[in-house]
1. Express in nm, to one decimal, how much length is gained between H37 and L120 on full extension, taking 0.36 nm for each residue of separation and deducting their alpha carbon distance.
2. Order R136, R148, R7 by their accessible area, 1.4 angstrom probe, all chains in place, largest first.
3. Please report, ordered by residue number, every helix of the chain (full DSSP H runs) that is 30 Å or longer along its axis going by C-alpha atoms and whose mean Kyte-Doolittle hydropathy reaches -1.0.
4. Along the Cα→Cβ direction, 7 angstrom out, place labels at M12 and A96. What is the inter-label distance in nm?
5. Compare T127, T134 by solvent-accessible area with a 1.4 Å probe and give them largest first, with all protein chains kept in place.
6. Percent of accessible area on the chain owned by carbon and sulfur, 1.4 Å probe?
7. What's the extension gain from E129 to N84 if we count 0.36 nm per residue and subtract their Cα-Cα distance?
8. Evaluate 2.2 N^0.38 Å with N set to the residue count of region 1-54, then give the Cα radius of gyration divided by it.
Amino acid sequence: MKNKMIRIISPMTTVIIALLDLGAIFLLVLAFKSVEHKTSVITVILIIITFTNIIVAIKTTIELFLNGVLFKEKSVEFTGLDKNNTYYYKNIIDVASHKDTKSSLKKNYVERYSSLILTLDDGSVATVELGYTTKRKLNKIENELNKRIKKDG
């Protein structure tokens, strides 16, 4: 099977990042308009701050679109994790997914995350937190992983 990437982007995160990017662009426009009227130390500092803000916004947006699940020929890689992010299909016995969809005002932010539970051949269980995803996206990842495990096994 060929390589495939499924991006993990929650709709809420996408909206928030888009609003923050638009805010950074708006600040940059304001900074340049203030330089047109009067150049001073404060306007130069404002331009420096807004350029830094734009750089952070670009890096954050790029990082958001790089996170996901990368299905390779012999392994799966979760790109949002720092370490222990690659699992070989031959080592995975079973895959299950979990997403809390019940309404509650007492649950923490982290308790709403989607997760994949991988049962490995050495008897261990690895839980991979995917963050906020839609149920459809989580099912798509689980189905693709199960399909590749069956093909490899």
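1. Answer, rounded to one decimal: 23.4 nm.
2. Per-residue accessible area, sorted high to low, gives R136, R7, R148.
3. Values: long enough: 11-37 (39 Å, 1.61); 41-66 (38 Å, 2.21).
Long hydrophobic helices here: 11-37, 41-66.
4. That separation, rounded to one decimal, is 2.5 nm.
5. On the way: T127 80, T134 55 Å².
Putting T127, T134 in descending order of accessible area: T127, T134.
6. Accessible surface attributable to carbon and sulfur in the chain totals 61 percent.
7. 15.0 nm
8. Working: Rg = 17.4 Å, N = 54, 2.2 N^0.38 = 10.0 Å.
Output field value: 1.74.
The values are calculated or read from the model by the stated rules, or taken from the named source; none is laboratory data. Computed from a prediction, not measured in an experiment: that's the story for all the values here. No Cβ is skipped: glycine too gets one built from the backbone with ideal geometry, and neighbour counts run over all protein chains shown. Note: accessible area is taken over every heavy atom of the protein model, side chains too, but ligands, DNA and RNA are not part of it. Shrake-Rupley method; radii C 1.70, N 1.55, O 1.52, S 1.80 Å.
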